[in-house]
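This report refers to the structure that appears directly beneath it.
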There are 2 protein chains.
Amino acid sequence: MSRRRPGAAVVPAGESLDPGDWDALKSTFHDAVELAIDHLRDIRQGPVWRATPDAVKARLGARLPRKPEALDALLGVFAEDMLPYGTGNIHPRFFGWVHGSGNLAGGLGEMLAALINCNVGGRDHVAVHVERQVLQWCKEIFGYPAESSGILTSGTSMGTVIALAAARNARAGADVRMLGLAGSPERLVGYASSEAHGANAKAFELLGLGRDALHLVPVDADFRLSLPMLTEMIAADRARGCRPIAVIASAGTVNTGAIDDLAGIAALCRAEGLWLHVDGAFGGLAVLTPEFVPLLAAIAEADSIAFDFHKWLHVPYDAGCVLVKDEAAHRAAFADRRDYLAPAQTGLAGGEPWFCDYGPELSRGFRALKIWFTLKAHGIERLAEGIARNCRQAQLLGRAVQSNDDLELLAPVSLNIVCLRFAPAGLGEAELARLNEAIVVELQLRGIAAPSTTKIRGRAAIRVALTNHRTTTEDLAILVSAVRRLGKELLSAQPARPRVLERERR
Amino acid sequence: MSRRRPGAAVVPAGESLDPGDWDALKSTFHDAVELAIDHLRDIRQGPVWRATPDAVKARLGARLPRKPEALDALLGVFAEDMLPYGTGNIHPRFFGWVHGSGNLAGGLGEMLAALINCNVGGRDHVAVHVERQVLQWCKEIFGYPAESSGILTSGTSMGTVIALAAARNARAGADVRMLGLAGSPERLVGYASSEAHGANAKAFELLGLGRDALHLVPVDADFRLSLPMLTEMIAADRARGCRPIAVIASAGTVNTGAIDDLAGIAALCRAEGLWLHVDGAFGGLAVLTPEFVPLLAAIAEADSIAFDFHKWLHVPYDAGCVLVKDEAAHRAAFADRRDYLAPAQTGLAGGEPWFCDYGPELSRGFRALKIWFTLKAHGIERLAEGIARNCRQAQLLGRAVQSNDDLELLAPVSLNIVCLRFAPAGLGEAELARLNEAIVVELQLRGIAAPSTTKIRGRAAIRVALTNHRTTTEDLAILVSAVRRLGKELLSAQPARPRVLERERR
């Protein structure tokens, strides 16, 4: 932190918000670079997570700041009060939910995006062209035609809302955009497997279709949507006067990483005239690895796909994308230019089409730049290797679980997710659930590792999602060993830190 | 750029995406800091906007990158191909649409957010507490109670979707979330003025209410929603069996900056049992200036307000917010936790409530940090002074327009927006429209200034929005002089650059 000049307040000069002393300002930026990058370089030495101290929380309950504070002092607050207490996903032993680990090239892109400060809702400027470039790369990844459309989003949840809005309007058989759903003569319904992510049901709710209109199809033994059941359900819904509009297929379910039979579902959707949307939040990108091409190539047949850059491609949060094959349907769901947004043939108001024609947002950051930097700096081959490595690690972990008598594998390992539990003989289901939840909490509290929890067919599982480019096989060994050690410790008469299990037993 | 070591490729070491040479990586970050901050320091010397060259566009049509490229080389590409061709809104003479100008403290926050890489969809970590702090400040600004809820969004468009989803579900008289709108016995309708932003109608479309269900209320001579007309329309709608649910009031319309009679509308909404949502995208924040408190204080009476940080508070794009007074209604519209998102009482899965309970997004970046840095570094008083100054500049510009015989003011200046046209005697409306559109294009192409265009009661206007902390009165003088000079030039027999007018005349 040699560049810091303590007390060099960056006081704006004149009336603008620009600094009076540009060199002092730069100095604070340079200090911030050193601070944050050293933190990342040394990340392995620290705990995966630590609770935010109460004193920090109290300081974050301050009143609206009235007067300026020196920027270097604020950086000091960040260093003390924030940097140590992040989500943990930049640590090699973060295995919770599905979080990407970030990457420094992407961080560089985000810094530059914030400073150049483009609004990518529309108009003609370079950020629009960078986003188009990134979308073109996405089409290449999934085998989408160049004339298909797309837009970057905060993530798959918003991508799903956009895709399903297009599907709803295109397949409703009425002018839903103008008239709403109240005028619909038939109830519009869609389908997803019972293992599909909750974001899909939330999209149905937001779009006014209602959660009940998303019919959940049972899964097979491998947690994949049952195609025969789907076929039956569509026929039954038609018979009782509903209008099926869309099927949502999962390319990697959140619980177990199961990949639905995309080709089979695509054929059914073609035959039935339904919109096929693929939820590829993390798993879709496994199409970059040869092993998963047979399972995922049929994404190219879908009408839309939503996926995240911030998960398995490690772009800093947040960054997702939706692609829509029928550009006209996509645009018809969102384009709406008033007088104050009129396009021009040249000048700043040119640049047709505008991105606000493809989604609900008019103000949009330059999210494309961190993606551009990430893909260019690492190259897709290296990024794909990381995905393949995580899948191999999942297989390895699955075998390690099976080789220990007191561990149990709760679902087949199909992608990058391993659901396990510590299950010594003689414990009932309820006891096992409390014990494994307590193990996960202890792993987090002690900073050893951060898996999350879920339920697999009603059984409480320790869920390990390998979406982390920093994880090594050594990290997996530490996890397995810690799960068993903590399990025994929590079961023993005098646990080292009894409060968690005691609390859970109440 | 003295720190750069040319050719020092930042090649990842080992299998992760981390760099092999951390010092080389830092060096590239330091170079980027110098590059981007020098660009901002010298922004006034360059043109406000330049068209992205065709060669750059062609380079942004490359195939998916396979192999890694050196990060410093990529920074070079950014410097050459991107930095000069931004939206223009960081320049002191950008007056188009409503764009904020950014600020460096916010840029620092965004860089740190990208590197710490938190996911603020939920869980217990410091980013959650920083976002709560920022929301608390928002409540303080608008006089909302501490127990109200809120969430940061990409902007007012998404904030409006969230607020109206809560309003729809709370006032529908049926379980819309579960059953959708198809089951609604009555048609749900809402109201906004004919001058309200198009984002409101887009939200009605997205939510399945339909654009037709947003009834547009005529405005008075000052472009404010007519309260008597609204009262009549509600009664008429009830009489024909519709169910009014919400009124959207504008705190600063996009065309002219008009502020609806918020107190009057709030009283009507209370009497009628309607949800009052305030679209305060930019204008709402004028409540920070004493002059506008009488017009804007009634925001505190609204059920929800959406506004942007990236406009008049100059936080880098994108950053908006929605506040909802009835926390339960807000949460009831979005909360939905599946097994894999189960909360815990302690550990990383603690931190109740999660932000994903208040909106459609599960993955969310650490947007709060750039806001925290902006508000702390400048203090709200200085930020408010900037808002007040822009309003004074708008009055000044309005008077300058009126003092020139060949300029015409098309709407009263009520906030920060000035709608004018170059209108020498003897030209018809169509000719004036073509001429003024050509003036705006020429201002942009020549890099002099960047206003946008709109129509005011059918007349083509040059629209100048003063949402720029770098603008000085000198910049306004340059604008006025350039509008008149270009107007005369374009009208003359031998225009200096005739192509634009010629093209427009086709």
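Taking the average, over residues, of other Cβ atoms within 10 Å as the packing measure, peptides A:313-319, A:188-194, B:205-211 rank A:313-319, B:205-211, A:188-194 from highest down.
Using the 1.4 Å probe convention, the accessible area of the stretch B:11-91 works out to 39 Å² per residue with neighbouring protein chains retained.
Go ahead and run the numbers for FRET between A:ARG457 and A:SER492, Cβ-Cβ distance against an R0 of 25 Å, rounding to 0.05.
Approximately 0.30, to the nearest 0.05.
Specify whether the C-alpha gyration tensor of chain B places it in the rounded, prolate or oblate class, a ≥ b ≥ c being the square roots of the eigenvalues: rounded for a/c under 1.5, otherwise prolate if a/b is larger than b/c and oblate if not. Here chain B falls in the oblate category. Quick check for me: using +1 on Lys/Arg Cβ and -1 on Asp/Glu Cβ, what's the dipole size of the protein assembly as shown about its Cα centre, in debye to the nearest 20? That gives a dipole near 280 debye. Computed from point charges on the beta carbon alone (+1 for Lys and Arg, -1 for Asp and Glu), the dipole magnitude for chain A about its Cα centre is near 1080 Debye.
Across the options A:ALA182, B:GLN402, B:GLY190, the greatest Cα extent toward the positive end of the charge dipole of the protein assembly as shown (unit charges at beta carbon of Lys, Arg, Asp, Glu) belongs to B:GLN402. Model label sites at A:GLU15 and A:ARG41, defined 7 Å from Cα along the beta-carbon direction, differ in position by 4.5 nm. Residue by residue along A:16-28, Cβ atoms of other protein chains within 10 Å of the local Cβ number 6 on average.
A dipole drawn for the stretch A:256-322 from +1 and -1 charges on Cβ atoms has a positive end, and of A:PHE282, A:GLY257, A:TYR317 the residue lying farthest that way is A:TYR317. Dividing the summed helix terms, -39500 (n - 2.57) for each DSSP H run of n ≥ 4, by the number of residues in chain A produces a 222 nm estimate of -13000 deg cm²/dmol to the nearest 500. Inter-copy label distances at A:GLY241, shortest first and taken from points set 7 Å along Cα to Cβ: 1.6 nm. Counted by Cβ distance under 13 Å from B:GLU385, the other residues give a net charge of +2, where Lys and Arg count +1 and Asp and Glu count -1. Among the residues of B:451-457, the average count of other protein chain beta-carbon atoms within 10 Å of the residue beta-carbon is 4.
Annotation for A:ARG338, label-to-label distances across the other copies: 3.7 nm (shortest first, one decimal, point 7 Å from Cα along Cα→Cβ). Quick one: grab the alpha carbon gyration tensor of the stretch A:181-262, order the square roots of its eigenvalues as a ≥ b ≥ c, and give me rounded if a/c is under 1.5, else prolate or oblate depending on whether a/b is larger than b/c. Oblate.
Checking the cross-link pairs A:LYS311/B:LYS376; A:LYS57/B:LYS311; A:LYS139/A:LYS455; A:LYS139/B:LYS67 against a 24 Å limit on the alpha carbon distance flags A:LYS311/B:LYS376; A:LYS57/B:LYS311; A:LYS139/A:LYS455 as lying beyond it. As a test question: what accessible area, to the nearest 10 Å², does B:ARG41 have when a 1.4 Å probe is rolled over all protein chains in place? Here the residue's solvent-accessible area equals roughly 100 Å². With label points defined 7 Å past Cα in the direction of Cβ, position B:PRO424 shows copy-to-copy spacings of 9.5 nm, given to one decimal and shortest first. The mean count of C-beta atoms from other chains within 10 Å of the C-beta of residues in B:367-378, rounded to a whole number, is 5.
On the accessible surface of the stretch A:364-460, probed at 1.4 Å, how many percent belong to carbon and sulfur atoms? After summing per-atom areas, the C and S share lands at 47 percent. Nearest to the axis that brings chain B onto chain A is this chain B residue, judged by its Cβ, with the distance in whole Å: B:GLY208, 1.
Heavy-atom accessible area buried between chains A and B is around 15300 Å² (1.4 Å probe, both sides summed). Each Lys and Arg contributes +1 and each Asp and Glu -1, all at the Cβ; summed about the Cα centre of the stretch B:173-329, the dipole is approximately 340 debye.
The values are calculated or read from the model by the stated rules, or taken from the named source; none is laboratory data. Predicted model, so just to flag it, every value in this text is computed and none were measured. Every residue, glycine among them, receives a Cβ derived from its backbone with ideal geometry; neighbour counts consider all protein chains shown. Calculation scope for accessible area: heavy atoms of the full protein, side chains included, ligands and nucleic acids excluded. Shrake-Rupley method; radii C 1.70, N 1.55, O 1.52, S 1.80 Å.
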